[in-house]
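See below for the structure under consideration.
The values are calculated or read from the model by the stated rules, or taken from the named source; none is laboratory data. Predicted model, so just to flag it, every value in this text is computed and none were measured. Neighbour counts run over all protein chains shown; Cβ positions are idealised from the backbone, glycine included. These accessible areas exclude ligands, DNA and RNA; they are computed on the full protein's heavy atoms, side chains included. Shrake-Rupley method; radii C 1.70, N 1.55, O 1.52, S 1.80 Å.
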Amino acid sequence: MEESAKKPIEELTFREGMDELGKIVNALESNTLELEESLKRYEEGIALLRMLRARLDGAQQRVDVLMGELEQTATDEEIDTNLNKA
């Protein structure tokens with residue numbers, strides 16, 4: 001296994017996690033692993049998938065917060081002013 005696979009899952013970058021997940025999928029699809037190794041790799045894949053989803057969810061929350069800061073909601077007075085112009 002490569003260096004990224006030796007790191008704990010929490011220390012992998014998102015890209016390293018995706019690469020490792022791809023390797024796991026390829027190994028499982030190759031149909032060359034023994035049952036025990038297949039189960040071990042499947043469990044590793046599930047753990048990686050959970051970590052990657054959590055990171056994506058965190059990134060999405062950050063984007064939502066940043067987008068919310070950019071959007072300025074109009075006050076009732078501004079809305080009333082805009083309606084009178086129409």
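Residues that are out of contact with any helix residue (DSSP H, G or I) (no Cβ under 9 Å at 6 or more places or on another chain) and closer than 18 Å to Ile9 by Cα within segment 24-44 comprise Leu39, Lys40, Glu43, listed in sequence order. Across segment 27-76, the qualifying residues are those that are under 13 Å from the mean Cα position of the chain (by Cα) and among the charged types (D, E, K, R), and the one among them that is least open to solvent (accessible area, probe 1.4 Å) is Arg55.
Scanning segment 14-25 for residues that are open to solvent by less than 100 Å² (accessible area, probe 1.4 Å) and either in contact with an Asp or Glu (Cβ under 8 Å, 6 or more places away or on another chain) or not hydrophobic (A, V, I, L, M, F, W, C) (or both) yields Glu16, Gly17, Asp19, Glu20, Gly22, Lys23, Ile24.
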